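Enquirer: Questions regarding the structure given below will be posed in turn.
The values are calculated or read from the model by the stated rules, or taken from the named source; none is laboratory data. Computed from a predicted model, the values in this text were never measured in an experiment. So basically every Cβ, Gly included, is an ideal-geometry build from the backbone, and we count neighbours across all protein chains shown.
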């Protein structure tokens with residue numbers, strides 16, 4: 001695989017399209033040292049960035065939360081990203097918009113530092129080839145999600161993703177695909193390293209509350225599609241000790257889309273069980289139609 005910094009193509013950087021190797025930042029950038037950066041992940045289907053406005057609105061919210069002043073409003077940001085995707089002639093792809101504080105000041109606050117803004121994109125079909133059918137294996141991450149009084153959990157800030165990175169590294173050392181991240185109490189499920197999780201029991205979706213998890217855009221879409229399909233949705237705490245009582249589970253996220261979970265720790269789900277498939281298959285079909293038109 002070609003290293004990212006050596007790829008062909010262009011990256012949108014501060015209003016200009018520059019070759020990938022030239023899209024660099026200064027080593028004393030505030031966002032690099034203090035995590036004052038916000039980002040999004042956007043999927044492109046058939047040349048169309050899916051839920052782009054919602055992603056841009058959340059990026060703006062995240063920037064306001066951390067005190068970054070975006071140079072554009074949401075309308076302009078949407079237009080710039082759409083133009084970039086068209087110029088790159090993306091069909092099925094992944095876009096990574098990111099905003100960060102630059103290098104004007106390195107103090108802990110850095111309020112006078114200008115915002116830097118970039119959008120990178122590349123052809124991409126998903127993070128785990130084959131997982132759509134074989135399912136994901138999840139290990140229990142050693143690092144928990146913080147309480148909402150400790151971190152603004154609905155802001156997609158780069159600093160928080162160190163927890164996800166450490167969790168994934170820990171569980172992959174034991175052969176798992178991704179990490180199941182626990183709430184601060186260590187007994188209840190929060191989310192995956194970068195996706196939400198939904199459990200299935202007796203034809204009902206059971207998803208943990210967003211007290212300790214990002215209210216993902218794909219999670220919101222699945223809840224909406226479930227309502228249209230007359231599938232009941234329950235938002236409820238899920239204890240780690242109760243996982244075996246569910247018919248199955250699946251992950252939702254911009255990257256994952258809708259992917260079944262085959263294993264959590266030592267517990268294995270039967271991906272062929274009717275209890276899971278009765279709701280998962282129509283939801284995946286509806287999501288496919290929503291994103292790809294069929």
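Enquirer: Residue check, residue 194 against (1) touching a helix residue (DSSP H, G or I) at 6+ places or on another chain (Cβ under 9 Å); (2) in a loop (DSSP other than H, G, I, E, B); (3) over 20 Å from residue 284 (Cα atoms), all met but one. Which one?
Expert: The number of the failed condition is (3).
Enquirer: Could I ask something else about it? Within the range 241-274, which residues are buried (at least 17 other Cβ atoms within 10 Å of the Cβ) and assigned to a helix (DSSP H, G or I)?
Expert: 243
Rundown of residues vs (1) assigned to a loop (DSSP other than H, G, I, E, B); (2) modelled with pLDDT under 95; (3) not assigned by TED's automatic domain parsing to the domain that holds residue 249, yes/no style:
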| position | (1), (2), (3) |
| --- | --- |
| 104 | yes, yes, yes |
| 108 | yes, yes, yes |
| 142 | yes, no, no |
| 163 | no, no, no |
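Enquirer: Could you please give the count of residues in the range 50-71 that are touching a helix residue (DSSP H, G or I) at 6+ places or on another chain (Cβ under 8 Å) and either assigned to a helix (DSSP H, G or I) or surrounded by fewer than 18 Cβ atoms within 10 Å (Cβ to Cβ) (or both)?
Expert: Result for the range 50-71: 10.
Enquirer: Just to check your reading of the model, which residue among 195, 132, 118 is within 30 Å of residue 89 (Cβ to Cβ), surrounded by fewer than 20 Cβ atoms within 10 Å (Cβ to Cβ), at pLDDT 95 or above and in contact with a strand residue (DSSP E or B) (Cβ under 7 Å, 6 or more places away or on another chain)?
Expert: 118
Enquirer: Only one residue in 37, 60, 23 is closer than 12 Å to residue 116 by Cβ and within 20 Å of the chain's Cα centre (by Cα). Which one?
Expert: The match here is 37.
Enquirer: So for the range 27-49 (the condition being surrounded by fewer than 14 Cβ atoms within 10 Å (Cβ to Cβ) and under 25 Å from residue 160 (Cβ atoms)), does at least one residue qualify?
Expert: Within the range 27-49 (the criterion being surrounded by fewer than 14 Cβ atoms within 10 Å (Cβ to Cβ) and under 25 Å from residue 160 (Cβ atoms)), the answer is yes, since at least one residue qualifies.
Enquirer: Moving on to the next point. Within the range 206-219, take every residue that is over 10 Å from residue 253 (Cα atoms) and free of Cβ contacts under 8 Å to residues at least 40 places away in the same chain and give me the one that is surrounded by the fewest Cβ atoms within 10 Å (Cβ to Cβ).
Expert: 209
Enquirer: Could you tell me which residue of the range 72-89 is surrounded by the fewest Cβ atoms within 10 Å (Cβ to Cβ), considering only residues that are outside any helix (DSSP H, G or I) and touching a helix residue (DSSP H, G or I) at 6+ places or on another chain (Cβ under 9 Å)?
Expert: Among residues in the range 72-89 that are outside any helix (DSSP H, G or I) and touching a helix residue (DSSP H, G or I) at 6+ places or on another chain (Cβ under 9 Å), the one surrounded by the fewest Cβ atoms within 10 Å (Cβ to Cβ) is 73.
Enquirer: Here are some residues: 93, 169, 155. Which one is under 29 Å from residue 249 (Cβ atoms), surrounded by 17 or more Cβ atoms within 10 Å (Cβ to Cβ) and either out of contact with any helix residue (DSSP H, G or I) (no Cβ under 9 Å at 6 or more places or on another chain) or assigned by TED's automatic domain parsing to the domain that holds residue 21 (or both)?
Expert: 93
Enquirer: Does residue 237 satisfy the criteria of being over 20 Å from residue 131 (Cα atoms), assigned to a loop (DSSP other than H, G, I, E, B) and in contact with a strand residue (DSSP E or B) (Cβ under 7 Å, 6 or more places away or on another chain)?
Expert: Spelling it out, residue 237 is indeed over 20 Å from residue 131 (Cα atoms), assigned to a loop (DSSP other than H, G, I, E, B) and in contact with a strand residue (DSSP E or B) (Cβ under 7 Å, 6 or more places away or on another chain).
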